[in-house]
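Report on one structure; see the data block that follows.
What follows draws every value from the coordinates through simple rules; no lab data is involved. The model shown is predicted, which means the values in this text are computed figures rather than measured ones. Virtual Cβ from ideal backbone geometry, glycine too; neighbours counted across all protein chains shown.
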Amino acid sequence: MTEVADSARRLKRVEALADLLDTRFRIPGTRIPIGADGILSIVPVVGDTVAGAMSAWLIWEAYRMGARKRTLARMLGNAGVDYVVGSIPVIGTIFDIAFKANSRNLALLKRELAQMEPEGTRRI
């Protein structure tokens, strides 16, 4: 498999995970998106740890796709804030629903990949 095809496949998986964690569902009767991260945070510490592990996988994939250390550090910062604040009962659940760390990290990764493209070509 070519490097470009491999990166495209990785990015699709990262997009699917970010969607699952941050926006896959809607709070009934509203337009507010919620994902597994917000739902899991109802179970203090354990739920946030599970969501944090999935966020770590997303960052690992960004590393494997060649993201720079600066971008990876920003992604780790987003995930860290999400984990720490998200672990606070009640307030953390509301924060998890609003902050969307994985969607932020996906945007960082896409911006990074776009900057990595050689002039006049499209990587993904």
* Neighbouring Cβ atoms within 10 Å as the yardstick, rank 100, 69, 110 fewest first. => 69, 110, 100
* Which of 39, 94 comes first, and how do the rest follow, when ranked by fewest Cβ neighbours within 10 Å? -> 94, 39
* To do: Sort 49, 93, 30 so the one with the fewest other Cβ atoms within 10 Å of its own Cβ comes first.
  => 30, 49, 93
